[in-house]
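Here the structure comes first, spelled out in structure tokens, and everything after it is commentary.
Read the figures in this text as sums done on the coordinates, not as results from a lab. Nothing here was measured: the structure is a model prediction, and the numbers come from that model. Don't worry about glycine lacking a Cβ; one is built from the backbone with ideal geometry, like all the others, and counts go over all protein chains shown.
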Amino acid sequence: MFRLGMLMVLAAAMPIEAQDSKDRPPVPLELRIVQAEGRDLVALPSSAGVPDVLQPASGQLAAYSFEAGSRRIHMVEFEGETFRAATPLEGSRSWIAFDPGRRAFASLLPSIRIELEPRPQLDAIASELGATGVTVFDSLGFAIIDLPEDLHPAEAVARVGDLPGEPRAAVRLRGPRIEWR
């Protein structure tokens with residue numbers, strides 16, 4: 001088991017080292033802590049990069065990402081355990097996050113949630129993000145902003161946080177499929 005883990009870490013570094021280009025140095029993964037459903041998650045980018053380390057509240061977390069055929073493999077090392085997930089190379093299905101509290105991966109939706117208290121300027125937020133749609137749920141106190149295909153939800157949340165008035169935004173998680181009977 002230990003050797004397999006070591007081989008996977010070495011394989012994670014191979015695609016980076018194989019890029020023999022002086023013009024394109026490896027890019028850090030840029031792990032980001034995002035909020036979803038009242039929990040802190042670590043958003044993993046949808047591109048390969050050099051390993052990155054983040055220090056969430058509960059312990060050190062290291063993440064690696066590399067391409068293997070038509071899939072992207074994400075590996076997270078957290079508190080002595082290694083977790084793996086595979087995603088498509090492109091598109092919204094490639095957006096995932098790691099939940100340290102649950103020790104599991106979660107798939108991100110291509111939209112974000114904006115809290116309506118205090119009342120944000122939804123038109124300005126939608127314009128800044130190039131939103132494809134906005135759905136307001138006044139009675140529930142939030143709005144959903146649909147993102148363009150090329151905007152990662154973690155990046156969208158960071159952009160919203162930089163806007164005047166600092167609106168509160170959170171990523172949304174893809175729920176399990178429901179089997180109707």
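Among 119-128, 99-108, 132-141, how do they line up by average Cβ neighbours within 10 Å per residue, starting with the highest?
Ranked by mean Cβ neighbours within 10 Å, highest first: 99-108, 119-128, 132-141.
Please compute the net charge surrounding Asp99, taking Lys and Arg as +1 and Asp and Glu as -1 over other residues with Cβ under 10 Å from its Cβ.
So the surrounding residues net to +1.
Quick check: net charge around Val136, other residues with Cβ under 14 Å of its Cβ, Lys/Arg +1 and Asp/Glu -1?
Local charge sum for Val136: -3.
What net charge do the residues around Pro148 carry, taking every other residue with its C-beta under 13 Å from that of Pro148, with Lys and Arg at +1 and Asp and Glu at -1?
Within the 13 Å Cβ shell, the charges total -4.
Amide H to amide H under 5 Å from Leu44: which residues, 5+ apart in sequence or cross-chain, H placed 1.01 Å off N in plane?
Hits under the 5 Å cutoff: Ile96, Ala97, Phe98.
With contacts defined as alpha carbon pairs under 8 Å and 6 or more residues apart, what's the relative contact order of region 34-181 in percent?
After rounding, I find 21 percent.
Return the equivalent ellipsoid semi-axes of region 74-133 as a descending list in whole Å, where each equals the square root of 5 times an eigenvalue of the C-alpha gyration tensor.
Values for region 74-133, descending: 31, 16, 7 Å.
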